[in-house]
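The values are calculated or read from the model by the stated rules, or taken from the named source; none is laboratory data. Given the structure is predicted, the values throughout are model-derived calculations rather than measurements. In this analysis, Cβ positions are derived from the backbone assuming ideal geometry, glycine residues included, and neighbour counts consider all displayed protein chains.
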Amino acid sequence: MTPVSGQDGTPVVGLRGAALSYGDRTVWSGLDLDVRSGEFLAVLGPNGAGKTSFVRALLGRRPLSAGTLTVLGRPAREAARHIGYVPQQAALSAQALLRARDLVRFGIDGHRFGPRLRTGAVRRRVDEILESVGAAAYADVPLGMLSGGERQRVRIGQALATDPSILLCDEPLLSLDLNHQRAVTGLIDARRRSHGTAVVFVTHEINPVLGMVDRVLYLAPGGHRVGTPDEVLTSESLSRLYGTQVDVVRVRGRVVVAGAPDEPAAPHHPGQVHETDGVRA
């Protein structure tokens, strides 16, 4: 779909000359990017290329080393309440005994100090959210008893609890089977279409969302590239980013990449095929 700008035309995310470094190592630099309301941006690249750092920067948890970043026209830390965040699948630990409805409620009033409000309106809002993401049937089930796909539905509900302007998804499809991948991506795409929510979707696996993506930000050892999937996911483009020959093939509407190293420092073996790096089949 065509990106839709905000009412005043201001990007919901804006980066100019943005760079991020750890000590002497520059992860990425010279990044100019606008993300507008209703746009679906996929962030791709090998491990170590800076995808997690990009997420942390948008959340206001990692300052840039150079350049500027605005979220909804303000510094990232000031806009955190307007970002819905869907994290990677992780060990539950302390969350295992929480019910699904408890996690969603944290998305509504977890930022408050002191006792949480116990109102009928909040409970109804939690029930509405759980229903909207297809999780009402297990609202009172502890998270530790849910499948990975069920937990991701609940986490999407938590992310939507504050009616965010931006939905930031960090590898939300990890460890999910094909059916649950389709369910999760469908929920995310439905939200952006119905509310004009911008989606920033960090992933190693482009194929489940390929038909939804407006643009791609590809981070790689040789720099970065921003454009439509047809512009970025090409042999010429990725070969330039990796500094070695990379072949991109489209098979039955899916993208397969051959020859891209898994890690920035990994040696390249001629003829080796890696179905990773954000585009595996």
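Among residues belonging to the stretch 18-51 that are within 24 Å of residue 237 (Cα to Cα) and of a type in the set (Phe, Trp, Tyr), point out the one that is surrounded by the fewest Cβ atoms within 10 Å (Cβ to Cβ).
Among residues in the stretch 18-51 that are within 24 Å of residue 237 (Cα to Cα) and of a type in the set (Phe, Trp, Tyr), the one surrounded by the fewest Cβ atoms within 10 Å (Cβ to Cβ) is 28.
Condition (residue is at pLDDT 90 or above, out of contact with any Leu (no Cβ under 6 Å at 6 or more places or on another chain) and small (Gly, Ala, Ser)) applied to the stretch 119-129: is it met by at least one residue?
no
Please work out which residue is nearest to residue 105 (Cα to Cα), limiting yourself to the stretch 130-162 and to residues that are of a type in the set (Val, Ile, Thr) and touching a Leu at 6+ places or on another chain (Cβ under 6 Å).
Across the stretch 130-162, the extreme among qualifying residues is 154.
Would a scan of the stretch 52-66 turn up a residue that is under 20 Å from the mean Cα position of the chain (by Cα), farther than 29 Å from residue 184 by Cα, surrounded by 15 or more Cβ atoms within 10 Å (Cβ to Cβ) and of a type outside the set (Gly, Ala, Ser)?
Yes, that holds for at least one residue.
Assess whether residue 110 counts as being of a type outside the set (A, V, I, L, M, F, W, C) and modelled with pLDDT under 85.
Yes.
Looking at the stretch 219-226, is at least one residue out of contact with any Phe, Trp or Tyr (no Cβ under 9 Å at 6 or more places or on another chain) and closer than 20 Å to residue 257 by Cβ?
No, because not a single residue in the stretch 219-226 is out of contact with any Phe, Trp or Tyr (no Cβ under 9 Å at 6 or more places or on another chain) and closer than 20 Å to residue 257 by Cβ.
Do we have residue 15 as crowded, with 20+ Cβ neighbours inside 10 Å, in a strand (DSSP E or B) and either in contact (Cβ under 8 Å) with a residue 40 or more places away in the chain or among the polar types (S, T, N, Q) (or both) here?
Yes.
Do you know which residues across the stretch 183-194 are more than 12 Å from residue 86 (Cβ to Cβ) and touching a Leu at 6+ places or on another chain (Cβ under 9 Å)?
Listed by number, the residues that qualify are 183, 192.
Conditions first: (1) in a strand (DSSP E or B); (2) of a type outside the set (D, E, K, R); (3) more than 26 Å from residue 240 (Cβ to Cβ). Residue 38 passes all but one, so which condition is the exception?
Looking at each condition in turn, residue 38 falls short on (1).
So, residue 152, is that one under 14 Å from the mean Cα position of the chain (by Cα) and without any contact (Cβ under 8 Å) to a residue 60 or more places away in the chain or not?
Working: under 14 Å from the mean Cα position of the chain (by Cα): yes; without any contact (Cβ under 8 Å) to a residue 60 or more places away in the chain: no.
Considered against the rule, which asks whether it is under 14 Å from the mean Cα position of the chain (by Cα) and without any contact (Cβ under 8 Å) to a residue 60 or more places away in the chain, residue 152 comes out as no.
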